[in-house]
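The values are calculated or read from the model by the stated rules, or taken from the named source; none is laboratory data. Model, not experiment: these values are computed from the prediction. When we count neighbours, we look across all protein chains shown, and the Cβ atoms used for this are built from the backbone with ideal geometry, even at glycine. Note: areas computed on protein heavy atoms with side chains; ligands, DNA, RNA excluded. Shrake-Rupley method; radii C 1.70, N 1.55, O 1.52, S 1.80 Å.
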Amino acid sequence: EAVDFAEQATKADPTKPDYYSQLGLALSLRMGELNFMQQAMTAGKMKKAFEKAVALDPKHIGGLIGLTRYYASAPEIAGGSLEKSKEFADRVHALNPVLGLMEYGNIAEKGEDYAGALAHFEAALKLKPASASLTNACGRMLAKLGRKDEARACFEAALKINPAFEPAKKDLAALDAPAATNS
């Protein structure tokens with residue numbers, strides 16, 4: 001339904017970049033429900049929606065973040081590229097340093113550069129110290145780097161900031177879960 005409503009909004013007023021970003025976001029949320037062929041078609045439509053938002057407003061944060069994440073997540077055959085993703089993250093960073101640093105962290109994480117991702121998330125956290133999301137992101141990277149005690153401290157700190165923050169609850173539970181064994 002969200003996709004249908006967003007499509008209706010873009011047709012009702014095709015001059016609003018927010019409508020195109022909303023369409024791109026709605027499409028991205030559907031990806032997990034689709035088979036491979038449907039994902040390929042939907043990904044192209046999603047990319048075009050974010051591109052249209054940025055064409056209408058080159059400083060549109062939602063469209064720029066959408067393109068950053070599209071290029072970071074898409075397979076190479078579909079045009080995915082961490083370098084291209086970084087170009088859009090640079091534009092986000094110029095407009096909003098905290099969001100830009102978060103996107104740099106996400107890109108580094110996609111590239112399995114967990115130490116680099118941690119550095120970006122920590123830099124963003126210095127700019128926005130009361131962020132449960134950023135505190136938790138630091139914890140996720142620390143866990144991936146095998147620094148479990150520091151990760152635990154971050155997850156617990158995120159929950160102090162926001163006791164209802166589900167990602168921190170899940171990450172803390174995963175940290176405490178017994179390691180899977182190979183049989």
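Some points to look at:
- Cα centroid separation, segment 42-68 to segment 130-150: 29 Å.
- Relative protection proxy for 68-74, 106-112, 92-98, from highest mean packing down: 68-74, 106-112, 92-98 (other beta-carbon atoms within 10 angstrom).
- For segment 49-131, the relative contact order comes to 21 percent (Cα pairs under 8 Å, sequence separation of at least 6).
- Percent accessible area from carbon and sulfur atoms, segment 42-136, protein chains only, probe 1.4 Å: 56
- Computed from the alpha carbon atoms alone, the convex hull of the chain holds 148 Å³ per residue.
- Based on C-alpha pairs under 8 angstrom that are at least 6 apart in sequence, the chain has a relative contact order of 11 percent.
- Sequence-ordered 3J(HN,Hα) estimates for segment 154-168 from the Karplus curve with 6.51, -1.76 and 1.60 and θ = phi - 60° stand at 5, 4, 5, 5, 4, 6, 5, 5, 9, x, 9, 6, 4, x, 5 Hz, glycine and proline given as x.
- Backbone HN-Hα couplings from phi across segment 144-153 [Karplus 6.51/-1.76/1.60, Hz, Gly and Pro as x]: 5, 8, x, 9, 5, 5, 5, 4, 4, 4
- Dividing the mean sequence gap of close Cα pairs (under 8 Å, 6+ apart) by how many residues segment 125-183 holds gives a relative contact order of 30 percent.
- Proximal aspartates and glutamates relative to residue 110, as straight alpha-carbon distance under 16 Å, when same-chain residues fewer than 8 apart are discounted: 76, 83, 87
- Length available on full extension from residue 40 to residue 55: 0.36 nm per residue minus the Cα-Cα distance, which gives 3.2 nm.
- The chain: angle of helix 2-12 to the longest principal axis, Cα-based, in degrees nearest 10: 40
- Once the chain from residue 82 to residue 153 is taken as fully extended at 0.36 nm per residue, the excess over their C-alpha distance is 22.5 nm.
- Computed from backbone phi with θ = phi - 60° and the Karplus coefficients 6.51, -1.76 and 1.60, the 3J(HN,Hα) list for segment 73-83 is 9, 5, x, 4, 4, 9, x, x, 6, 5, 5 Hz; x is used for glycine and proline.
- Remark: segment 17-97 carries 57 Å² of accessible area per residue (probe radius 1.4 Å; ligands, DNA and RNA excluded).
- Given charges at beta-carbon only (K, R positive; D, E negative), |dipole| of segment 60-146 in Debye: 260
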